[in-house]
Structure formats: structure tokens, C-alpha cells
Amino acid sequence: MQISPGLYRHYKGGEYFVYRIATHSETNESLVVYRCLYGDFSWWVRPLTMFTESVTLEAGQQPRFAFVCPMSVNEAERRASGESLEVQASAEDARFMAEAIKLAERASDNDEVPVGAVVVQDGQIVGRGYNRPIGGCDPTAHAEMMALREAARHLQNYRLNDCTLYVTLEPCTMCVGAMVHSRIGRLVFGANEPKAGVVQSQAQLLEAPHFNHQICVTPGVERAACQAQLQGFFKRRRAEKKRDGADKLD
């Protein structure tokens, strides 16, 4: 097992921030410098072998420490102080959200709710998706799901730890579950979904302690543009229904 800086979860549930791998000046033994993110929040130095070894449980062999997601020192400090894992938006975030908005327009053109998504790795889009459950006769064909599938195929890996998912609307329960399973490192979304959003609105699922992966979140990127796109779509739909109803009365 290779150890790299980031957030780790102990097999019994505790969370730890690994800062770096060091070398003992006398014995040349490899050491892990890490911080406990619960309890006393203390910094520790322990042998690397303690992190890489497995434990025997009823279900079989399991790593003592499992990697959750990348994490900076500042994020670890915020986590230890009880703050959420929200990350501030950047100019690059706005650029990629603009790409997601373009994809959402394709959904609207097909008379689907306009939601678009892109998956980004190292500054490059590796997955694109937009809503198409009606046209595809697929209840799981949300924009996020389509983008995750394309990214996994492109990278030939079902784990997307070092990727960011951009989506124009706050994700639902299904999509949050898919993000956790794919190990997405970060989520950036535009408009809140007051009825079914489960990142901020109806629930805060990504803060649930039972998940084996933590995702950094940046909400509200290009919120106004994403909201305007959705509102324009539903305004048009209402006008069409009203017109169709009037035609039937004639």
C-alpha cells in the first residue's frame, strides 16, 4: 500500500490527516507524520509499517488505514476546528461551470430539465454529461451520472480520486452516492435544489460519518446563470402547457 498526503480513515472509524513521510535520522526507518482529526487533534509520528499493514476481521483482511481523499494542511486545520470541507471558488471553476451550462442547454433543446456536468482532471475535461432520462428511457441518466461514466471510461478506472465534478444543479441522493463510490475528490455545483438537493438543501449527505470517502465541496459557482437557465426552461414549459390547454378548448 502506497501512502501519500491526504485524509485517511482507520478501520474502526477515526479520521487522520497524513502530512508527509519522513525518515528517522539514525535508523533510516520510514515514518508517517500525521494528525488525529477527532478527540485531542494531536500530531503523531509512527512507523510507516503501521499504516501499510492489514488487520484480520470477520470479513477477511482489511487495511488498517484507508485513503479517503487528498487534503491540504489548511483543510485539515479547518476540519479539526469543526468547519466543513468547503473550498473557495476560482476563475478556473467559473470556466468549467460555463462548459457545464453549455451542456445543460443541450438537455433543454431535447426538452429535458437543463442540467449539465463535466469531470475535470489536471485542468482537462475527461467526462461530459447532461440530463437525458426521458430520451434515454433511463431513470439514472442524470447529468452527473453521464459525466462520471464517460470519465471512468476515458481514464479506464472506476476510481476518480483526483478529479473534480462540476454540475449546474445541486446533486440528488443517487448522484451523491455515485460520487462517493467513484471517489470524486471535489464537487462544484451552481444552483441549489431546494426540493431534492442533498448536499446543502434537504440534507448534508457528504458530511455523513458513515461514508468511507470525503468530498470537498464548492457551492454556488455561477449560481445566477444556472438558476436563470432552469427558470427559463420551466417558464417556457408552463407557457407551452397553458397554450396547449387553450388550444384544446377552442
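Assigned to a helix (DSSP H, G or I) and either modelled with pLDDT under 80 or open to solvent by 80 Å² or more (accessible area, probe 1.4 Å) (or both), is that true of Arg46?
On the way: assigned to a helix (DSSP H, G or I): no; either modelled with pLDDT under 80 or open to solvent by 80 Å² or more (accessible area, probe 1.4 Å) (or both): yes.
No: the conditions fail for Arg46.
Just name the residue that is farthest from the chain's Cα centre (by Cα) out of those in the stretch 2-39 that are among the acidic types (Asp, Glu) and either open to solvent by 70 Å² or more (accessible area, probe 1.4 Å) or at pLDDT 85 or above (or both). Quick ask: steps written out before the conclusion?
To start, the set of residues in the stretch 2-39 that are among the acidic types (Asp, Glu) comprises 15, 26, 29.
From the residues that got through so far, the ones that are either open to solvent by 70 Å² or more (accessible area, probe 1.4 Å) or at pLDDT 85 or above (or both) too are 26, 29.
Values: Glu26: 42, Glu29: 36 Å.
Checking each candidate, the answer is Glu26.
Within the stretch 151-207, track down each residue that is among the basic types (Lys, Arg) and modelled with pLDDT of 95 or more. Can you show your working first?
Residues of the stretch 151-207 that are among the basic types (Lys, Arg), as a first pass: 153, 159, 183, 186, 195.
Hit for the stretch 151-207 is Arg153, nothing else.
Here are some residues: Val87, Val55, Val126. Which one is surrounded by fewer than 19 Cβ atoms within 10 Å (Cβ to Cβ), modelled with pLDDT under 95 and hydrophobic (A, V, I, L, M, F, W, C)? It would help to see each step written out before you state the result.
Values: Val87 fails: surrounded by fewer than 19 Cβ atoms within 10 Å (Cβ to Cβ); Val126 fails: modelled with pLDDT under 95.
Of the residues listed, the single one that is surrounded by fewer than 19 Cβ atoms within 10 Å (Cβ to Cβ), modelled with pLDDT under 95 and hydrophobic (A, V, I, L, M, F, W, C) is Val55.
Listed residues Ala208, Ala228; which is over 12 Å from the mean Cα position of the chain (by Cα), over 21 Å from Ala94 (Cβ atoms) and open to solvent by less than 80 Å² (accessible area, probe 1.4 Å)?
Values: Ala228 fails: over 21 Å from Ala94 (Cβ atoms).
Unique residue meeting the criteria: Ala208.
Condition first: part of a loop (DSSP other than H, G, I, E, B), of a type in the set (A, V, I, L, M, F, W, C) and either crowded, with 18+ Cβ neighbours inside 10 Å or in contact with a helix residue (DSSP H, G or I) (Cβ under 7 Å, 6 or more places away or on another chain) (or both). Now tell me which residues in the stretch 137-148 satisfy that. Explain how you work it out, then say what you get.
Step one: of the stretch 137-148, the residues part of a loop (DSSP other than H, G, I, E, B) are 137-142.
Imposing the further condition that a residue be of a type in the set (A, V, I, L, M, F, W, C) reduces the set to 137, 141.
Correct list: Ala141 only.
Suppose we keep only residues that are without any contact (Cβ under 8 Å) to a residue 40 or more places away in the chain and of a type in the set (Val, Ile, Thr) within the stretch 149-182. Which one would you say is most open to solvent (accessible area, probe 1.4 Å)? Let's see the steps before the verdict.
Of the stretch 149-182, the ones without any contact (Cβ under 8 Å) to a residue 40 or more places away in the chain are 149-159, 171-182.
This time we only want the ones that are of a type in the set (Val, Ile, Thr), so: 173, 176, 180.
Values: Thr173: 84, Val176: 1, Val180: 8 Å².
Across the stretch 149-182, the extreme among qualifying residues is Thr173.
Do you know which residues across the stretch 211-225 are surrounded by 18 or more Cβ atoms within 10 Å (Cβ to Cβ) and more than 13 Å from Glu144 (Cβ to Cβ)?
Kept after step one, since they are surrounded by 18 or more Cβ atoms within 10 Å (Cβ to Cβ), are these residues of the stretch 211-225: 213-219, 221-222.
Within the stretch 211-225, His213, Gln214, Cys216, Val217, Thr218, Pro219, Val221, Glu222 qualify.
What tally of residues in the stretch 17-43 results from selecting those that are assigned to a loop (DSSP other than H, G, I, E, B), more than 17 Å from Leu7 (Cα to Cα) and among the hydroxyl-bearing types (Ser, Thr, Tyr)?
Total satisfying the criteria: 2.
Take the residues in the stretch 105-123 that are within 19 Å of Gln156 (Cβ to Cβ) and modelled with pLDDT under 95, then tell me which one is surrounded by the fewest Cβ atoms within 10 Å (Cβ to Cβ). Outline the logic, then answer.
Looking only at the stretch 105-123, we keep the residues that are within 19 Å of Gln156 (Cβ to Cβ), and these are 118-122.
From the residues that got through so far, the ones that are modelled with pLDDT under 95 too are 121-122.
Numbers: Gln121: 17, Asp122: 7.
So, considering only residues that are within 19 Å of Gln156 (Cβ to Cβ) and modelled with pLDDT under 95, the one surrounded by the fewest Cβ atoms within 10 Å (Cβ to Cβ) is Asp122.
Within the stretch 183-200, can you find the residues that are crowded, with 24+ Cβ neighbours inside 10 Å and touching a His at 6+ places or on another chain (Cβ under 9 Å)?
Ile184
The values are calculated or read from the model by the stated rules, or taken from the named source; none is laboratory data. As the structure is a computational prediction, the values presented were derived from the model and not from experiment. Backbone-built Cβ (ideal geometry, glycine too); neighbour counts: all protein chains shown. The area values use the complete protein model at the heavy-atom level, side chains included, leaving out ligands, DNA and RNA. Shrake-Rupley method; radii C 1.70, N 1.55, O 1.52, S 1.80 Å.
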